[in-house]
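Structure first, commentary second.
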Amino acid sequence: MRQLISFACLILTIICAACSGSTNASGDALPVGDASRGAALFTQSINGAPACNSCHTLDGSTLVGPSFKGYAALAPTYVEGMSAVDYTHNSITKPASYVVSGFANLMYGQYAQKLTSQQIADLIAYLLTL
């Protein structure tokens, strides 16, 4: 019985750690993202903020910003010690913090104010499927 309780506590700890990953600009935990909603948001202007696909492609070609082709594999390598989720969240909400080599800091800087935490989580979920 003691082993069963210990195992249950271990599982609960792992679940809590997985759910407490990224935070929004207010320091609150992000909601669970939905990749299908994020895919739709990727092509939409929201509250006056430009659509992601106005500057980023999915096919490897370059517009204004880097392409998101292979993004899920690349995101965890951009900043040592930073998860792909945290890097992506930071890149959306504070785009001047990390600028991909070879690109200028031209990203729209108001996504944190224009998008809800759910919309940001949805975009992150989508980008990490690429």
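A few notes on this one:
- Set side by side, the residues Thr88, Thr116 differ, and just one is touching a residue at least 40 places away in the same chain (Cβ under 8 Å) and over 15 Å from Cys55 (Cα atoms), which is Thr88.
- Of all residues making up the stretch 63-79, the number that are surrounded by 13 or more Cβ atoms within 10 Å (Cβ to Cβ) and among the polar types (S, T, N, Q): 1
- Subset tally (residues that are assigned to a loop (DSSP other than H, G, I, E, B), exposed (fewer than 15 other Cβ atoms within 10 Å of the Cβ) and not aliphatic (A, V, I, L, M)) for the stretch 32-56: 5
- Of all residues in the stretch 80-120, exactly one satisfies the criterion of being part of a helix (DSSP H, G or I) and surrounded by fewer than 13 Cβ atoms within 10 Å (Cβ to Cβ), namely Gln113.
- The residue list Ser36, Ser61 contains one member that is at pLDDT 95 or above, more than 12 Å from Leu123 (Cα to Cα) and among the polar types (S, T, N, Q), which is Ser61.
- Close pairs from the stretch 92-104: first closer than 15 Å to Glu80 by Cβ, partner of a type in the set (A, V, I, L, M) and in a loop (DSSP other than H, G, I, E, B), Cβ under 8 Å, at least 6 apart: Tyr98/Val79
The values are calculated or read from the model by the stated rules, or taken from the named source; none is laboratory data. Predicted, not measured: the structure shown is a model, and the values here were computed from it. Please note: Cβ atoms are built from the backbone with ideal geometry, for glycine as well, and neighbour counts cover all protein chains shown.
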